[in-house]
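Below is one structure, written out as structure tokens; comments come after it.
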Amino acid sequence: VPLKTNQWLDWEPNARLSALPTVATEVHRSGMRNFAAGVSIITSRHDGLSAGLTATAVCSVTADPPRLVVFVNKGVLATDLIIKSGALCANLLSGEQEDVARAFAGMVPGVRGEDRFGYGRWSELLTGAPVLENALVSFDCRVTNVYDESTHQAFLCEVLATQQRKEGDALIYLNGAFHAIPLCDKN
Ligand SMILES: Cc1cc2nc3c(=O)[nH]c(=O)nc-3n(C[C@H](O)[C@H](O)[C@H](O)COP(=O)(O)O)c2cc1C
């Protein structure tokens, strides 16, 4: 795939720091275990096929325009459908949806591919990507840019439709475990 660059080409990293080794992967992994993150199911649909994965690498970019970014491992089944359809839906899980998180993370033995959609109830909004009923919020998106990032791709997305719940707990992943945190008041 030819790469169109969106980087500053006239900027160089700090030369002294560039020569230093990074911390070991395990040290970094351990540090990231302290990172409390909301849990999403990223879904896509193309040519009658659906795929999805559990993801915490979902981040707000700008509110105006409404953009977010999602990092997906290149080996993941959903990657192909996201690229082909140019769309994805980020479904932010509520506290009672840990079973959905586990199924879409490949943590339920024997549940693979489209069988994952046997967990939760699914509909769609605008793009056709699967939308999870009772998610705290679902962001139905078009993909506007794909960035190559070593083992992953970053999908920059613009939100075309949103479905949001008024109350419930958020599902948070912290220190290798899922936790439900009350949403408090949301207006
Ligand atoms: C809490 C949690 C967060 C995850 N976050 C991501 C993520 O942000 N991006 C990603 O590519 N995989 C992430 N994964 C891993 C995928 O959910 C997992 O590899 C999934 O099975 C991939 O789908 P596949 O089996 O179709 O390849 C996460 C897993 C867990 C348990």
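Quick notes on this structure:
- Projecting the Cα atoms of F117, H28, N175 onto the charge dipole of the chain (Cβ charges, centred on the Cα centre) puts H28 farthest toward the positive pole.
- FRET E, pair V108, D10, Förster distance 45 Å, beta-carbon r, rounded to 0.05: 0.35
- For the chain, the residue among A78, S138, T43 whose Cα projects farthest onto the positive side of the dipole built from Cβ charges is A78.
- Pairwise centroid distance, computed over Cα atoms, of segment 125-157 with segment 30-81, Å: 6 Å
- Relative contact order of segment 92-185: 28 percent, from C-alpha pairs under 8 Å at least 6 residues apart in sequence.
- Using a 4.7 Å Cβ-Cβ cutoff, the cysteines of the chain lacking any partner cysteine are C59, C89, C184.
- Per-residue [θ]222 nm for the chain (sum of -39500 (n - 2.57) over DSSP H runs n ≥ 4, rounded to 500): -3500 deg cm²/dmol
- A P(r) calculated from all alpha carbon pairs of the chain, with 5 Å bins opening at zero, reads 1, 8, 14, 19, 20, 16, 10, 6, 4, 2, 0 percent.
- Lysine pairs within the chain, Cα separation less than 27 Å, 8 or more sequence positions apart or different chains: 4
- Size of charge dipole - segment 140-187 - debye, nearest 20, with Cβ of Lys, Arg +1 and Asp, Glu -1, no other charges: 160 debye
- Annotation: the residues Y147, Y119, sorted from fewest to most other C-beta atoms within 10 Å of their own C-beta, follow the order Y147, Y119.
- Loop trypsin sites (Lys or Arg not before Pro), segment 108-154, which have at most 15 other Cβ atoms in a 10 Å radius of their Cβ (DSSP): R112, R121
- Under a model in which nothing but the beta-carbon of Lys, Arg (+1) and Asp, Glu (-1) is charged, segment 65-187 shows a dipole of about 160 debye around its Cα centre.
Values in this text are rule-based calculations from the coordinates and carry no lab data. Quick caveat: nothing in here was measured; it's all calculated off a predicted structure. Here the Cβ is made from the backbone with ideal geometry for all residues, glycine too, and neighbour counts use every protein chain on show.
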